[in-house]
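Comments concern the structure below.
The values are calculated or read from the model by the stated rules, or taken from the named source; none is laboratory data. The shown structure was predicted, so the numbers you read here are calculated from the model rather than taken from an experiment. Please note: Cβ atoms are built from the backbone with ideal geometry, for glycine as well, and neighbour counts cover all protein chains shown.
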Amino acid sequence: MRIRTLSGNSLADAMRKVREEMGPEAVILQVEEAKSGKGFMIRAAAEDTDAPPAAEQTASAEPGARAIIQPQADMERRIERELRQRLRQQRLRHYFHQAIDPDAAIIPALRFHKVPEVLIERMAASCLEADPGPDEDILAHALERAIAFGPLPPRPARPLVVVGSPGHGKST
């Protein structure tokens, strides 16, 4: 795994540099405004495809060297597992505070629309389970996990009230 810090004159410029140099699978770890106040700095991580896996190094080693390499390989796996977990948590924070549009914020938007805090927490927790991908897919995954959707029965056992503003799809 490689970690780099890239900067640009604008947030969009810095993001473009991250995608060009680290690829579309890069995970954003930190975004901050440059200390000079002009531009942004982004710290991102991506898989290091050039390094041979530790398991390959261990298998090809002499028996005496395995005693030294195996604990190191185990430690590398534990560190990588921990780093992946932290990257997912960081990605969740990034997603909920910067959302799809860097100027937007999901949590304030959900609170503005009076989404209960319990539901916001449930959605945040399910984002940790989501596969890496576009922000829209992560939000869709969170909604699917947090809210049960299903067809209505043709004849409900009790009356059903559909409430909402005019023109917002109650009759469709």
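On the stretch given as the range 6-29, residues that are in a strand (DSSP E or B) and within 16 Å of the chain's Cα centre (by Cα) total 3. On inspection, R93 fails the criterion of being at pLDDT below 75, basic (K, R), in contact with a strand residue (DSSP E or B) (Cβ under 9 Å, 6 or more places away or on another chain) and outside the structural domain of G23 (by TED's automatic domain parsing). D135 - would you say it is closer than 25 Å to E82 by Cβ, at pLDDT below 80 and exposed (fewer than 11 other Cβ atoms within 10 Å of the Cβ)? Criteria not met by D135.
You will find that of V118, V163, the residue that is outside any helix (DSSP H, G or I) and modelled with pLDDT of 75 or more is V163 and no other.
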